[in-house]
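**Student:** Sharing a structure with you now.
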């Protein structure tokens, strides 16, 4: 089975609020993590990545946090907008295995 | 989706017929992948390629074959389509290695009746 999972399958937030999407991983040998966004009818879109030698990385309105102690990854989206509605999923690269393992995804819904 | 196209985008076919899906990239990336995406299963790797004429199986390769005769094109063939192969198929590419960021195409929605 997949080693990457998600705490919540759905998440609803108010427009303008911050969103936090979580991801747990079980392989301590994972050294690289990616967050993807998938809108309805489209392919997954790269959002942000982080390597295991970092704890935090920021992009435009998004921040990824990595806690290696508890094997937890999160994606924070600031000031959520209607266009942020999508399924978000994480992926991990297991060092040595040379492949990406994808999580199932969390559906983010923005309430007006 | 920039740099990656898939064709056709939608296809309806009948059980037992052969189907070929095409992925075309303009990024000159070494690695190309075919995934299927189904509810409850997420993305599952079918086959991948690490160079022209170099391919290998993924986790759900039964019933599928691939070919890569040029860097830019990766074909997925269902030799005899079955209803269980109804799915959305995504092509992806990566440059450095299989463990690096993969960029996805827009997908092909296949319905096998």
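**Student:** Please report the spacing between the Cα centers of region A:11-36 and region B:72-87 in Å, no decimals.
**Tutor:** Rounded to whole Å, the Cα centres lie 32 Å apart.
**Student:** Okay, next question. How long are the semi-axes of the ellipsoid equivalent to region B:11-113, from square roots of 5 times the Cα gyration tensor eigenvalues, in whole Å, largest first?
**Tutor:** One finds semi-axes of 22, 14, 12 Å for region B:11-113.
**Student:** Let me ask something else about it. Give the average, rounded to an integer, of partner chain Cβ atoms located within 10 angstrom of each Cβ in A:38-50.
**Tutor:** Mean shielding by partner chains, rounded to a whole number: 4.
**Student:** A follow-up question, please. In terms of the ratio Rg/(2.2 N^0.38 Å) built on C-alpha atoms, what value belongs to the protein assembly as shown?
**Tutor:** Dividing the Cα radius of gyration by 2.2 N^0.38 Å gives 1.02.
**Student:** Just to confirm my numbers, what's the Cα centroid distance between region B:43-69 and region A:63-112 in Å?
**Tutor:** Cα centres, region B:43-69 to region A:63-112: 26 Å.
**Student:** Let me understand region B:1-71 better: what is its radius of gyration from the alpha carbons, and its Dmax, in angstrom?
**Tutor:** Calculated on Cα positions, Rg and Dmax stand at 12.9, 35 Å.
**Student:** Using a Gaussian network for chain A with springs between C-alpha atoms less than 10 Å apart, which of these wobbles most: A:22, A:53, A:67?
**Tutor:** Checking each option, the largest mean-square fluctuation is seen for A:53.
**Student:** Beyond 17 Å, what share of the Cα-Cα pairs of chain A is found? Please give it as a whole percent.
**Tutor:** 50 percent
**Student:** Sort A:31, B:62 by Cβ crowding within 10 Å, fewest neighbours at the top.
**Tutor:** In order of increasing Cβ crowding within 10 Å: B:62, A:31.
**Student:** Rounded to the nearest 5, what % of the DSSP beta bridges within chain B are antiparallel ones?
**Tutor:** So the antiparallel bridges in chain B amount to around 90 percent.
**Student:** Which one, A:83, A:41, A:16, has the greatest fluctuation when you compute a Gaussian network model over chain A with C-alpha springs under 10 angstrom?
**Tutor:** A:41
**Student:** If you don't mind, another one. Would you work out the relative contact order for region A:22-112, in percent, from Cα pairs under 8 angstrom that are 6 or more residues apart?
**Tutor:** 31 percent
**Student:** Only Cα pairs under 8 Å and at least 6 apart count here; give the relative contact order of chain B as a rounded whole percent.
**Tutor:** Worked out over chain B, it gives 36 percent.
Coordinate-derived values only; no laboratory data. What you see is a predicted model, and the numbers here were worked out from it, not measured in a lab. A quick note on method: Cβ atoms are made from the backbone with ideal geometry, for glycine too, and the neighbour counts reach across all protein chains shown.
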